[in-house]
1. Let me confirm something: among G159, G178, G169, which residue is of a type outside the set (S, T, N, Q) and at pLDDT below 95?
2. Considering only region 140-206, give the strands (runs of 3 or more DSSP E) lying wholly within it that have at least 2 residues that are open to solvent by 50 Å² or more (accessible area, probe 1.4 Å) and over 25 Å from D25 (Cβ atoms).
3. Exactly one condition in (1) free of Cβ contacts under 8 Å to residues at least 60 places away in the same chain; (2) surrounded by fewer than 20 Cβ atoms within 10 Å (Cβ to Cβ) is not met by R126; state its number.
4. Using the structure shown, decide if R54 is touching a strand residue (DSSP E or B) at 6+ places or on another chain (Cβ under 7 Å) and among the charged types (D, E, K, R).
5. Identify, please: which residue in region 15-30 is in contact (Cβ under 8 Å) with a residue 12 or more places away in the chain and over 13 Å from the mean Cα position of the chain (by Cα) and is, among those, most open to solvent (accessible area, probe 1.4 Å)?
6. How many residues are open to solvent by 30 Å² or more (accessible area, probe 1.4 Å) and either in a loop (DSSP other than H, G, I, E, B) or of a type in the set (D, E) (or both) when one looks only at region 58-102?
7. Counting just the residues of region 31-57 that are assigned to a loop (DSSP other than H, G, I, E, B) and among the charged types (D, E, K, R), which one comes out nearest to the chain's Cα centre (by Cα)?
8. Between L81, L89, which is within 19 Å of the chain's Cα centre (by Cα), modelled with pLDDT of 95 or more and not polar (S, T, N, Q)?
Amino acid sequence: MAKLTLTTFMTLDGVMQAPGGPDEDRTDGFEYGGWSVPFADEDFGRFMDDVFGRVDAFLLGRRTYEIFASYWPKVTDENDLIASRLNSLPKYVVSRTLDKADWNNSTVISGDLTEEVERLKQRPGREIQVHGSARLAQSLIALGLLDELNLLVFPVFLGKGRRLFPDGGAPTAFGLTGHRTTSTGITIQTYRPTGPARFGTFALGE
């Protein structure tokens, strides 16, 4: 049975929109695309290679799928692990507007998200990975469908943009299962859900 993991880049104020370039996603007039690029280093590259070394399939939102499909097929270096995985492995695109997905080994899924995800997770494999895909990621978090989150927090504040964590969903506790820091100050934190969130008080007793 495969587990569903999310790997996302985010700023200190939680923005995940358009990390890779100015024209990646200008939705709602977003002008700060490419904010992750100045912080890329060898530590970051090694971590991403580790992530892509575990993948057996991808689950993507429509917008991220279109961004990836316009870029990664052009990367033909056989030694590029990320490109080889994205170009060859199965990709499942969550969309109610796409009729078909032309990128190699891509399938559109448009049914109930919980049912579709549970069906995918029943297949043998290691990881089904979600990258980017802000709206999809928010839905998966709210529905409690993710088995692991890799949060790469970049030391930059933007003040606007689409954020990762949604309102809604059941309060959930997570356990920190891995952490590291890159030479440029990216903190990489891996979390797994451990059950319902718990609550207490620091109020002084009578």
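The values are calculated or read from the model by the stated rules, or taken from the named source; none is laboratory data. The structure displayed is predicted, hence computed values, not measured ones. In this analysis, Cβ positions are derived from the backbone assuming ideal geometry, glycine residues included, and neighbour counts consider all displayed protein chains. Accessible surface is based on the protein model in full, side chains and every heavy atom, while ligands, DNA and RNA are left aside. Shrake-Rupley method; radii C 1.70, N 1.55, O 1.52, S 1.80 Å.
1. Exactly one of G159, G178, G169 is of a type outside the set (S, T, N, Q) and at pLDDT below 95, namely G169.
2. Those strands (runs of 3 or more DSSP E) span 172-181, 187-196.
3. (1)
4. yes
5. If we take residues in region 15-30 being in contact (Cβ under 8 Å) with a residue 12 or more places away in the chain and over 13 Å from the mean Cα position of the chain (by Cα), then D28 is most open to solvent (accessible area, probe 1.4 Å).
6. 15
7. Among residues in region 31-57 that are assigned to a loop (DSSP other than H, G, I, E, B) and among the charged types (D, E, K, R), the one nearest to the chain's Cα centre (by Cα) is R54.
8. On inspection, the qualifying residue turns out to be L89.
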